[in-house]
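Asker: Structure incoming, see below.
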There are 2 protein chains.
Amino acid sequence: MTLPMPTFADIEDARKRLAGYAVATPLLESHHLSELAQGRILIKAESLQRTGSFKFRGAWNRISRLDPTTAKGGVVAYSSGNHAQGVAAAAQLKGFPAVIVMPADTPEIKKGNTRAYGAEIVTYDRATESREAIAIRIAGERSAIIVPPFEDRHVIAGQGTVGLELADQAAALGAKLDVVLIGTSGGGLAAGIALAIEAKSPSTRVYVVEPEGFDDYGRSLRSGKIERNAKASGSICDALLSPEPGRLTMAINRPRLAGGLAVSEKEVRRAVRYAFERLKLVIEPGGAASLAAILAQKIETQGKVFGVVASGGNVDPALFAEIIAARD
Amino acid sequence: MTLPMPTFADIEDARKRLAGYAVATPLLESHHLSELAQGRILIKAESLQRTGSFKFRGAWNRISRLDPTTAKGGVVAYSSGNHAQGVAAAAQLKGFPAVIVMPADTPEIKKGNTRAYGAEIVTYDRATESREAIAIRIAGERSAIIVPPFEDRHVIAGQGTVGLELADQAAALGAKLDVVLIGTSGGGLAAGIALAIEAKSPSTRVYVVEPEGFDDYGRSLRSGKIERNAKASGSICDALLSPEPGRLTMAINRPRLAGGLAVSEKEVRRAVRYAFERLKLVIEPGGAASLAAILAQKIETQGKVFGVVASGGNVDPALFAEIIAARD
């Protein structure tokens, strides 16, 4: 089965659909950061998006298209994190019931955030059960529609509105983007942004950024085949742990991306702390991977204009407190 | 001596002077907050300003006007907080030496932040010395110019650019501002904003917000004379502890403000935590007083459009960690 590919027109259409529901997040400039990097660093603050991450965009673009009569069984998604909240909030706005499939050991705070958007949570055992199988079973039982985290034309088009806004906002600042950096898991956000940037700013190079040890996307781009991560957990970047690239996202990204960068846990922690101290932004570890690549000089910034996507801000208070209080 | 009053034209002029140096901070909308308040709550995020607070605006508007030949002795200011950083950064950009007079017991982190902008720090004993007298002495010795925190036409006009941007940004969102809330110490930010709002949105009511026990501005507005605070310290809102209103700021504010609100320390802590959890913004306690007034329902918000000025984000990591980890 070949999934339908999103086009640039789908992203433009998604922007219209998101207007008034999603936040057109600001593109922020910090003189401190630009001076540090000896370039011009523009932060696309998706942490300020509804539900605290870019995931609401794709969820809304998918769910708001559902026919209310055929979709009265609601929606199902599997996620313990940002996609769960995005789907739950979008479904609540449309009046659809939502079921979110989460590992039984998901922290209570994440379950609570998702329930707060009116979703029902079904838990499973990570060791013995498949979340996809559970979602398919629930979808069958309830005539519900599965909203995938990234392997979907309208989800990718929704995420692509980040790139559309970024290109327009940079142009309004008189900035010509040399490079865009995107923290990446399954590749849906990167795919959407890559499509938008290709149309709006074709000379801009787009990179994915991943945690060390979870750099399946970068390795797959280099090898030309789908590479998996050896580990399934163990990174502070809980939003970036997809085990392998999506097939659809990779089909979009392979011809469009300039490459992949990897950052260490320590570099991510420093980026979260820098965002607190200097940018005054709450960015979750996975959302700060792109900023970490700048601060740790994983790529030359001198004299260049960077668009850095800070993809989310949903971080546990205890972890955030530990990170900002540290002095390493 | 009567100090010259700033005019609306001074604020428009300041905006031109600030372009490219200060950040035109975003006006942010949170669906969560608006639903909670049953109104439309727009946050003017001055925490995202250069140096982490609005103070850079007034400092730059004052210091960038100095004649380089007569001002080669540099500038002097007294402040342990946001004004210190604003003045130091503005002076550094213009190549002027800066001396900041701070209490000897100022936390090392604030001294370090100010030194990082190239300023020299002179300390004094809070109990036995007058910071104004020390500043005057230094200014005399070095032929330096004192940059007052609020009793100055160009400082107030610089802060007024917050109001000018707020009015324009709200209009661009199709929002007609009913009320503007401003955390207030000496009254310079409120005076500048009140002048701008009077010209741009005359039916909007502007309120100052202060910590309980440090509500000299609100009491002075009510009594018609200058009221002092009984205490000089002891609030978490370290940016809002001016002992009494400025004469110049009060002359501007009295005929223009709708009144003053007071918030408790607990309400401020909740607002800082809410900003972390839901807005994903780092707002310092004094900067969150205005948001606290919304969350604690100190004023009717139902069906109304509010502009809430979050004036700064310079908060000690240990204090921030303590606030976000608490569950009261």
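The values are calculated or read from the model by the stated rules, or taken from the named source; none is laboratory data. Quantities reported herein were computed from a predicted structural model and do not represent experimental measurements. Virtual Cβ from ideal backbone geometry, glycine too; neighbours counted across all protein chains shown.
Asker: Looking only at region A:65-85, which residues are within 17 Å of A:Ala135 (Cα to Cα) and either of a type in the set (Gly, Ala, Ser) or surrounded by fewer than 21 Cβ atoms within 10 Å (Cβ to Cβ) (or both)?
Answerer: Listed by number, the residues that qualify are A:Ala71, A:Lys72, A:Gly73, A:Gly74, A:Ala77, A:Ser79, A:Ser80, A:Gly81, A:Ala84.
Asker: Of the residues that make up region B:302-319, is at least one under 24 Å from B:Asp168 (Cβ atoms), polar (S, T, N, Q) and more than 10 Å from chain A (Cβ to nearest Cβ)?
Answerer: yes
Asker: Given the condition within 23 Å of A:Leu48 (Cβ to Cβ) and surrounded by fewer than 16 Cβ atoms within 10 Å (Cβ to Cβ), answer yes or no: does some residue in region A:124-144 qualify?
Answerer: no
Asker: In contact (Cβ under 8 Å) with a residue 40 or more places away in the chain and not basic (Lys, Arg): is that true of B:Val101 in this structure?
Answerer: no
Asker: Taking the condition within 14 Å of chain A (Cβ to nearest Cβ), within 18 Å of B:Val180 (Cβ to Cβ), among the β-branched types (Val, Ile, Thr) and buried (at least 24 other Cβ atoms within 10 Å of the Cβ), does B:Ile283 pass?
Answerer: yes
Asker: Can you confirm whether B:Gly224 is closer than 19 Å to B:Val206 by Cβ, within 14 Å of chain A (Cβ to nearest Cβ) and not hydrophobic (A, V, I, L, M, F, W, C)?
Answerer: When the stated conditions are applied, B:Gly224 does not pass them.
Asker: Can you confirm whether region A:42-49 contains a residue that is over 19 Å from A:Gly86 (Cα atoms) and buried (at least 21 other Cβ atoms within 10 Å of the Cβ)?
Answerer: Yes - at least one qualifying residue is present in region A:42-49.
Asker: I would also like to ask the following. Which one of these is touching a helix residue (DSSP H, G or I) at 6+ places or on another chain (Cβ under 6 Å) and touching a residue at least 60 places away in the same chain (Cβ under 8 Å): A:Val206, A:Val308?
Answerer: A:Val308
Asker: Filter region A:125-160 down to residues that are without any contact (Cβ under 8 Å) to a residue 60 or more places away in the chain and assigned to a helix (DSSP H, G or I), then give me how many there are.
Answerer: 9
Asker: Going through region B:284-305 one residue at a time, which ones are among the acidic types (Asp, Glu) and in contact (Cβ under 8 Å) with a residue 60 or more places away in the chain?
Answerer: The one that is among the acidic types (Asp, Glu) and in contact (Cβ under 8 Å) with a residue 60 or more places away in the chain: B:Glu284.
Asker: If I go through region B:259-278 residue by residue, how many of them are more than 14 Å from every other protein chain (Cβ to nearest Cβ), surrounded by fewer than 24 Cβ atoms within 10 Å (Cβ to Cβ) and in a helix (DSSP H, G or I)?
Answerer: 3
Asker: I've got another one for you. Can we say B:Ala9 is of a type in the set (Gly, Ala, Ser), over 22 Å from A:Gln169 (Cβ atoms) and crowded, with 17+ Cβ neighbours inside 10 Å?
Answerer: no
Asker: May I pose another question? At least 2 residues that are touching a helix residue (DSSP H, G or I) at 6+ places or on another chain (Cβ under 7 Å), more than 14 Å from every other protein chain (Cβ to nearest Cβ) and farther than 27 Å from B:Leu195 by Cβ in each: list the strands (runs of 3 or more DSSP E) lying fully within region B:1-120 that qualify.
Answerer: Answer list for region B:1-120: B:98-103.
Asker: May I pose another question? State which residue is nearest to B:Ala318 (Cα to Cα) when the search covers only region B:96-112 and only residues that are modelled with pLDDT of 90 or more and crowded, with 19+ Cβ neighbours inside 10 Å.
Answerer: B:Met102
Asker: Still on this structure, please answer the following. Across region A:244-258, what is the number of residues that are surrounded by 21 or more Cβ atoms within 10 Å (Cβ to Cβ) and either of a type outside the set (A, V, I, L, M, F, W, C) or assigned to a strand (DSSP E or B) (or both)?
Answerer: Total satisfying the criteria: 4.
Asker: Taking B:Leu240 as the residue in question, decide whether it is modelled with pLDDT under 95 and buried (at least 16 other Cβ atoms within 10 Å of the Cβ).
Answerer: Yes, satisfied.
Asker: Go through region B:279-318 residue by residue and tally those that are in a loop (DSSP other than H, G, I, E, B), of a type in the set (Gly, Ala, Ser) and closer than 23 Å to B:Gln85 by Cβ.
Answerer: Number of matching residues: 2.
Asker: Hey, any hits in region B:161-171 for a residue that's under 15 Å from B:Phe306 (Cα atoms) and either aromatic (Phe, Trp, Tyr) or not in a helix (DSSP H, G or I) (or both)?
Answerer: No; the residues of region B:161-171 include none that is under 15 Å from B:Phe306 (Cα atoms) and either aromatic (Phe, Trp, Tyr) or not in a helix (DSSP H, G or I) (or both).
Asker: Give the residues of region B:209-243 that are touching a Pro at 6+ places or on another chain (Cβ under 9 Å) and assigned to a strand (DSSP E or B), sorted by residue number.
Answerer: Across region B:209-243, the qualifying residue is only B:Pro211.
Quick grid of which residues meet (1) polar (S, T, N, Q); (2) under 19 Å from the mean Cα position of the chain (by Cα):
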{"site": "B:Leu241", "(1), (2)": "no, yes"}
{"site": "B:Leu248", "(1), (2)": "no, yes"}
{"site": "B:Ala262", "(1), (2)": "no, yes"}
{"site": "B:Arg270", "(1), (2)": "no, no"}
{"site": "B:Ser290", "(1), (2)": "yes, yes"}
{"site": "B:Thr301", "(1), (2)": "yes, no"}
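Asker: So for region A:213-224 (the condition being among the basic types (Lys, Arg) and within 21 Å of A:Leu42 (Cβ to Cβ)), does at least one residue qualify?
Answerer: No, that holds for no residue.
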